[in-house]
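Asker: Structure below; questions to follow.
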Amino acid sequence: MLIRSVTFYFDKIKNKVDWKLLLFLLLFLNVKLAIKIPVIIFFSLWQFNFKLGLSFKNSRLPLFYIAVIAIGIINWFIYKNYTSVNYNILLLTGTLFWLVCILAIHQIKLAVDHNTPAIIHQTIIAFFIINTLLSLGTLAIIILKVHSINPYTYQGQYQKYFISTGDYIKGITFDTSITNAILNALGVIYFLVRKNAVMLLVCMAILLLTGSNFINLILLPILLIMFVFKTDRYQKSLIVICLAFLGVFMAKISPQNNWYAENTLKPFFHHKDINAKPIPVPTAINIPITLRPDSTLNPEERKQKIATLYLDSVSRLLSIIRSKKNRLKLSKDVYVVNGGRIAIQEPDINGASYQSIKVTPPEQMLMVQFIRTHKNSLPISGNGNYATTLPGKATGFLQTLNFLKRHPNKVVTGIGMGNFSSKLAFRAAGLGFVGNYPAKYVYINHDFLVNHLDLYLNFFSKWSGLHSLTNSPFSVYDQLIAEYGLIGLIAFLIWYLGFFAKHYKKLTYGIPILFLMMLVLFTDYWFEQLSVMVFFELLLLLNIKEAQTPKPLQNEF
């Protein structure tokens, strides 16, 4: 009877989920190339359908991927890079990356074509459930490690967690936490439009746990616009709940994120010293420091007050012990206060274990050594007195624009694949911070060395407080305009964004998701990441299919 019931339940679920697609998403979105490449090869052979349907009219897949490969090969001839063996290896590697992008969207398209929208939808729900369980499991492990219900405010262990707790919530991809944040931001919009309240709130909660201020900031205006346009009363109430989640998280769970977000955004609007100290509050006169409230004390006076109270308590304790000949054996963290009450001494938050480590960790020593070796060629990181009020990402865009001004002949097709701004360029540098690369084939273009690589080294070879998304020069737009020129950027706008946007009159969640991704592309080289873009393409292709066979959306919960 039990076996029959289990079999019946399994068959019921099996018919509601495309397990092949779910397995593909869980494996291919993994951060490791050693997993991605075998997975795409295996699924391509398993399906064994290579009818891509590429054409200039009604193409089945975006032509953008073919266009960037073609531009890369053209630049290979124009700049005679074929004379360099190492660049030939780099070009081959970059071409394979773009081919994997084509094969990945082809697998997604096959799944969408061969299933009903309902099955794809249930598969997406299953994906987010698994991702949520893994994310919450990671958080639970951190809580057990630090013995604190809220590790986002725990400052011990040299602030290993604290404001960086979200960095460990990586989800099913095991990639950076921002990858998990983007996936859940897509889920928030997707489930909001479909009126799936449970999954919407689950995705919003995991998004907040990743602590990604940038994704929160770009999702917020999209939700507000959706609140005003094309949402009913029920959806508006869900948006309000999401905003309440955000407010509670910022105010109670991780209040230090307010300071971090403020100081991250200040350089965009101000050019003054963001580390300027606030004006001290006037202190009371003729009142003992132990009786004055903490709000009237500066940091030094607060330390003095704590020390005074501690010494007074020790003095009282000794007095009690001597007068009553008390033989109690007290722990080093336990002492007696007025009235004989036993109190436990609180941790010293000014101690070393509660401060962030300022020394360079071992994984950054390779960058430090590289800077020392190439100091004369690095105008930014090699200059110990370099200072700027602009974040690294803004400086990176300025570097690209200045480079194109000095080399107008490279505006049309760019400088070439892997020569200026891409994950491929950083990987081929052989420094190991975006993946391994064979040492004997290391390749660094001079223009990349003195611009984006130099800029990256300046921030990411120093203490972790500078390792911000805003200081990274990574950006798809920067990559396209620098390495593929205006033609590459136009190909992206027409043959990628245009491929999905041409259905705008029929799309529902596809439009806000499209706007979200256009902003997300400022943050990293997402095509080469082989993760977020695949899931984005799944949602858009699904919405297009739903638009071709329209059905009224039901409240599923």
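Asker: Give me the residue from segment 208-234 that is touching a Ser or Thr at 6+ places or on another chain (Cβ under 9 Å) and not in a helix (DSSP H, G or I) and, out of that set, farthest from Ile163 (Cα to Cα).
Answerer: Lys230
Asker: What pairs come up if the first residue lies in segment 382-397 and is more than 18 Å from Ala482 (Cβ to Cβ), the second is polar (S, T, N, Q) and surrounded by 16 or more Cβ atoms within 10 Å (Cβ to Cβ), and their beta carbons are under 8 Å apart, counting only those six or more places apart or on different chains?
Answerer: That search, which allows pairs on different chains as well, returns Tyr386/Asn458; Thr388/Thr395; Pro391/Thr264; Pro391/Ser468; Pro391/Thr470; Pro391/Asn471.
Asker: In the list Thr132, Thr138, which residue meets the criterion of being in contact (Cβ under 8 Å) with a residue 24 or more places away in the chain, crowded, with 20+ Cβ neighbours inside 10 Å, assigned to a helix (DSSP H, G or I) and assigned by TED's automatic domain parsing to the domain that holds Phe536?
Answerer: Thr132
Asker: On the basis of being touching an Asp or Glu at 6+ places or on another chain (Cβ under 8 Å) and surrounded by fewer than 21 Cβ atoms within 10 Å (Cβ to Cβ), does Thr153 make the cut? Before the answer, list the steps.
Answerer: Working: touching an Asp or Glu at 6+ places or on another chain (Cβ under 8 Å): no; surrounded by fewer than 21 Cβ atoms within 10 Å (Cβ to Cβ): yes.
Spelling it out, it is not the case that Thr153 is touching an Asp or Glu at 6+ places or on another chain (Cβ under 8 Å) and surrounded by fewer than 21 Cβ atoms within 10 Å (Cβ to Cβ).
Asker: Let me ask something else about it. Across segment 401-418, what is the total count of residues that are touching a residue at least 24 places away in the same chain (Cβ under 8 Å) and out of contact with any His (no Cβ under 9 Å at 6 or more places or on another chain)?
Answerer: Qualifying residue count, segment 401-418: 10.
Asker: Looking only at helices (runs of 4 or more DSSP H) that lie completely in segment 423-487, which have at least 2 residues being touching a Pro at 6+ places or on another chain (Cβ under 9 Å), crowded, with 22+ Cβ neighbours inside 10 Å and touching a residue at least 40 places away in the same chain (Cβ under 8 Å)?
Answerer: Result: 454-460.
Asker: Tell me, please, whether a residue that is in contact (Cβ under 8 Å) with a residue 60 or more places away in the chain and on the phi > 0 side of the Ramachandran plot can be found in segment 168-189.
Answerer: Yes, some residue in segment 168-189 is in contact (Cβ under 8 Å) with a residue 60 or more places away in the chain and on the phi > 0 side of the Ramachandran plot.
Asker: Have a look at Ala251, Ala205, Ala185, Ala244 and point out the one that is crowded, with 23+ Cβ neighbours inside 10 Å, small (Gly, Ala, Ser) and either in a helix (DSSP H, G or I) or in contact with a strand residue (DSSP E or B) (Cβ under 9 Å, 6 or more places away or on another chain) (or both).
Answerer: Details: Ala251 fails: crowded, with 23+ Cβ neighbours inside 10 Å; Ala205 fails: crowded, with 23+ Cβ neighbours inside 10 Å; Ala244 fails: crowded, with 23+ Cβ neighbours inside 10 Å.
When all the criteria are applied, what remains is Ala185.
Asker: A further question on this structure: If you go through segment 474-503, how many residues are in contact with a Leu (Cβ under 8 Å, 6 or more places away or on another chain) and modelled with pLDDT under 95?
Answerer: 1
Asker: Of the residues Leu514, Leu493, Leu507, Leu497, which single one is within 20 Å of Leu61 (Cα to Cα) and either in a loop (DSSP other than H, G, I, E, B) or hydroxyl-bearing (Ser, Thr, Tyr) (or both)?
Answerer: On the way: Leu514 fails: either in a loop (DSSP other than H, G, I, E, B) or hydroxyl-bearing (Ser, Thr, Tyr) (or both); Leu493 fails: either in a loop (DSSP other than H, G, I, E, B) or hydroxyl-bearing (Ser, Thr, Tyr) (or both); Leu497 fails: either in a loop (DSSP other than H, G, I, E, B) or hydroxyl-bearing (Ser, Thr, Tyr) (or both).
Step by step, each of Leu514, Leu493, Leu507, Leu497 is checked, and only Leu507 is within 20 Å of Leu61 (Cα to Cα) and either in a loop (DSSP other than H, G, I, E, B) or hydroxyl-bearing (Ser, Thr, Tyr) (or both).
Asker: Conditions: (1) at pLDDT below 95; (2) of a type outside the set (D, E, K, R); (3) within 21 Å of Leu541 (Cα to Cα). Gln107 meets all but one. Number of the miss?
Answerer: (1)
The values are calculated or read from the model by the stated rules, or taken from the named source; none is laboratory data. These figures come from a predicted structure and were not determined experimentally. Cβ coordinates were reconstructed from backbone atoms using ideal geometry, including for glycine residues, and neighbour counts include every protein chain displayed.
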